[in-house]
Amino acid sequence: MPLNKLDPSKLNSWKELGSRFKNENSITIEELMEEPNRLDNFSIEWEEFILDFSKNRISKGTLDQLVNLCNESKLKNNIESYFKGDIINETEKRSVLHTALRSQKHESNEISQIVNELREQIINTADKINSGDRVGYSGKKFTDVVNIGIGGSHLGQEMVVEALSFCSKGITPHFISNIDPDYTSQVLEKLDPETTLFIVVSKSFKTIETIENAKKSKEWFISESKGQNIRDHFIGISNNTSAAKEFGINKDSVFPIPEWVGGRFSLWGSAGLIIAISIGSENYRELLNGANSMDKHFRESDFENNMPVLLALISIWYNNFFKCETEAIIPYSEVLNKLPKYLQQASMESNGKSTDRNSEKVNYETGGIIWGASGTNAQHSFFQLLHQGTKLIPCDFIAFQKPHSKDLEQHKILIANCLAQTNALMSGQKKEGAHKYIEGNKPSNSLFINSLTPYNLGALIAMYENKIFTVGSILNIFSFDQWGVELGKSIAKGILNGDSDFLDISTKNLLTKYNQEK
Ligand code: F6P
């Protein structure tokens, strides 16, 4: 079944939420804390995760209406359509099955077979590279692997590889994404062609940044290796496998991305090869298992006890009723500093839409702006505005209860800071003079996870992915296309082809200035 078509703003629960907002928005979080069973009603535990969402401007009555919104918008049916592989990406006529990539068995045998074959291919390749069975032209083991890809073919991979660097099998990962010649050269300069493996990841194999960087890396390899064949040194990962082969990659080194895997959700399949190489295949399987377990939680739990659903509802509430434009993600773990950047694409490319599933312009807010940085660094940059600025910015605080390091004293300081911030945001400081007055009443979710493991990281990413799905499902938009990014690409192509007649006067003038300077 395709996703249902609706107007959420016409649902009774939406209207009820509107009146609740009017009546309750002057109630403070501190007052809401006095509600009976506040902590029981506003926290859930799942496996090694604890989500405390009690520090929100949401009463129990509002929470019930938000859950009602899920029921009225037929979220359950939509979740089933998503997992089963129905054509829910209607504008591109595709299923959306990245969840199948991390499952042991999908209800369709055909999908299961494709997934298992792909997974084994990736795992075998990673194992061979790590064991030294697959080597470079001179017979030496690879020491460096370079992922050439952008957007969904880069952000998740880099974030995971960095977060799980403590699992490293010894091969150094590098990432080339931007079409910035200075940066590409800088990365290449450090490498030795004899022991470097390049993975070109592009679902379309048409993305200009990736193709140009791949060409440049190929030229660099041939020149630095004094004319060696690229055969053992280039792997291509794409839905457009023929283009990868035409580029010169050996057919045994071209791995497919099925059409039903969206770029920004592709790290779970062949596009995750650099992850499997970096952390080793056992840890890679654990990453998938954790994500799969979170998928089961999402698919099977009641909405009241469902982490991705609750996070989505909280997001819709602030975005649509409080008119908060942004939400911040603050992981108290330095190795997770790229999580906000990754979630920016996953969420904003998915839910940054203003046409609904009826092809009408929406009259409510859709996806918000996602941003953030690691704590405590963020405390020393933008937290001032969170505490005393004029904007209301809901935050997700993410912390791990056990560090990998034995330095528990330092970890105590990290966690004390995390807790202190959520408390300060909520309670503020009322007694001091004008400039020291901190209003408080600023909402946050706290997610405590036992420790950073491949399994828990997989679950964390899947939690946010499923939150994104839920937001799109309720807000009646198509979350899995990205038509908005195509326009700029075609204009750039026009400029590169020397066609500037269609440009506005400002852009044309800047182009002329650039051409004069060259
Ligand atoms: O610019 C948008 C986009 O299409 C993303 O959705 C995608 O992740 C990225 O470009 C890269 O695309 P590809 O994997 O086809 O090179």
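H404 sits with roughly 110 Å² accessible to a 1.4 Å probe, with DNA, RNA and ligands left out of the calculation.
Where a ≥ b ≥ c are the square roots of the eigenvalues of the C-alpha gyration tensor, would you call the chain rounded, which needs a/c under 1.5, or, failing that, prolate if a/b is larger than b/c, or oblate? Here the chain falls in the prolate category.
Computed about its Cα centre, the charge dipole of the chain is approximately 480 debye, with only Lys, Arg, Asp and Glu carrying charge at their Cβ.
Hey, got the dipole for the range 108-279? About the Cα centre, +1 on K and R Cβ, -1 on D and E Cβ, debye to the nearest 20?
Working: 17 positive and 21 negative charges, 48 e Å.
Result for the range 108-279 is approximately 220 debye, rounded to the nearest 20.
Size descriptors for the range 217-302: radius of gyration and Dmax over Cα atoms are 16.9, 62 Å. Compared with the dominant Cα axis of the chain, that is its longest principal axis, helix 109-131 is turned about 60°. Shape descriptor for the range 65-166: Rg over Rh equals 1.12 (Cα atoms; Rh from the Kirkwood inverse mean 1/r). Greater than 28 Å separation of Cα atoms is the criterion. Which listed pairs, K15/K442; K15/K361; K74/K442; K55/K323; K215/K489, meet it? Listed pairs above 28 Å: K74/K442. Annotation: amide H-H contacts under 5 Å for W46 (H modelled 1.01 Å from N, sequence separation of 5 or more, or interchain): L51.
Among the chymotrypsin sites (Phe, Trp or Tyr not before Pro) in the range 423-518, those placed in a DSSP loop whose Cβ has at most 13 other Cβ atoms within 10 Å are Y437, F502.
Rounded, prolate or oblate: pick one for the range 1-68, where a ≥ b ≥ c are the square roots of the eigenvalues of its C-alpha gyration tensor, a/c under 1.5 means rounded, and failing that, prolate if a/b is larger than b/c, else oblate. The shape class here is oblate.
In percent, how large is the relative contact order of the chain, given Cα pairs closer than 8 Å and 6 or more residues apart? Mind dumping the intermediate values first?
Working: 881 pairs, mean separation 95.8, N = 518.
Once divided by the residue count of the chain, the mean separation gives 18 percent.
Think of it as helices only: each DSSP H run of n ≥ 4 in the chain is worth -39500 (n - 2.57), and spread over all residues that comes to -13500 deg cm²/dmol at 222 nm. Applying the Karplus relation 6.51 cos²θ - 1.76 cosθ + 1.60 with θ = phi - 60° to the range 189-194 yields 3J(HN,Hα) values of 3, 7, 9, 10, x, 4 Hz, where x marks Gly and Pro. Distances between placed amide hydrogens fall under 5 Å for I329 paired with W371, G372, A373, D396, all partners being 5 or more residues away or on another chain. Between amide H atoms placed 1.01 Å from N, distances below 5 Å from F255 occur with G236, I237, S238, all of them 5 or more places distant or on a separate chain.
Pairs exceeding 32 Å between alpha-carbon atoms, taken from K206/K513; K169/K216; K190/K412; K140/K216: K190/K412. Within the same chain, aspartates and glutamates fewer than 8 places from K353 are excluded, and of the rest, those with a Cα less than 13 Å from its Cα are E365, D481. Applying the criteria of a DSSP loop state and at most 13 other Cβ atoms within 10 Å to the trypsin sites (Lys or Arg not before Pro) of the range 142-209 yields K190, K206. Each residue was assigned an accessible area with a 1.4 Å probe, and for S500 the value is about 30 Å². Put the Cα centre of the range 460-494 next to the Cα centre of the range 350-415 and the gap is 19 Å. If both residues of a DSSP beta bridge must be in the chain, then about 25% of such bridges are antiparallel.
The values are calculated or read from the model by the stated rules, or taken from the named source; none is laboratory data. It should be emphasised that the depicted structure is a prediction, and the values quoted were computed from it without experimental measurement. With ideal geometry, Cβ positions are generated from the backbone for all residues, glycine too; neighbour counts draw on all protein chains shown. Just the protein is used for accessible areas: all its heavy atoms, side chains included, with ligands, DNA and RNA removed. Shrake-Rupley method; radii C 1.70, N 1.55, O 1.52, S 1.80 Å.
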